[in-house]
Amino acid sequence: MRTAVEVVPKLGVKPGMPALRIGGVATYDRPLEHLRARDGRYGLVLCFALDAVALDRLGTELVRATHPDGAIWLVVWKKGLLREGASGWDEAQKAMLQTGWVDNKILSLGDEVYATRYVRRRRPGKREPPGGARRS
């Protein structure tokens, strides 16, 4: 697994942003330890889903704990290295997309695992009316 010093800057952590690490990889705690949630919602959530877990519940809880303008990084095993009982990227992707949040980045954390960044789906831009473009 890549070192925390190498990975944490790529997660998009900004000074003063409240962050939370979930899962058994404590090596990421020290670079994130100065970050605390003030309003009960975190600007960055880093979740290691490397064991058996109910992904639909996990996705819902991750969204609940994350600030609407924040990001969730969900770490899973790479294809071909999936451990017994653990969910793969496809299952994690399906569960997270059901929350209404979308993926926009993937980051390798080493030879065995990678993280997908999820953010809240944004409203259509001002130039695009809700529901897509319309023809006259």
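Scanning the range 79-109 for residues that are closer than 19 Å to residue 10 by Cα and not acidic (Asp, Glu) gives 102, 104, 105, 106, 107, 108, 109.
Within the range 50-64, being touching a Gly at 6+ places or on another chain (Cβ under 8 Å) and either closer than 14 Å to residue 20 by Cα or without any contact (Cβ under 8 Å) to a residue 40 or more places away in the chain (or both) holds for 51, 52, 63. Can you confirm whether the range 45-53 contains a residue that is touching a Lys or Arg at 6+ places or on another chain (Cβ under 7 Å), within 13 Å of residue 118 (Cβ to Cβ), hydrophobic (A, V, I, L, M, F, W, C) and modelled with pLDDT of 85 or more? Looking for residues that are touching a Lys or Arg at 6+ places or on another chain (Cβ under 7 Å), within 13 Å of residue 118 (Cβ to Cβ), hydrophobic (A, V, I, L, M, F, W, C) and modelled with pLDDT of 85 or more, one finds at least one in the range 45-53, hence yes. If the condition is being within 19 Å of residue 113 (Cα to Cα) and either open to solvent by less than 70 Å² (accessible area, probe 1.4 Å) or of a type in the set (S, T, N, Q) (or both), then the range 63-80 contributes 71, 72, 73, 74, 75, 76, 77, 78.
The values are calculated or read from the model by the stated rules, or taken from the named source; none is laboratory data. Predicted model only: the values in this text are computed from it and were never measured. In this analysis, Cβ positions are derived from the backbone assuming ideal geometry, glycine residues included, and neighbour counts consider all displayed protein chains. Surface areas here come from the heavy atoms of the whole protein model, side chains and all, with no ligands, DNA or RNA. Shrake-Rupley method; radii C 1.70, N 1.55, O 1.52, S 1.80 Å.
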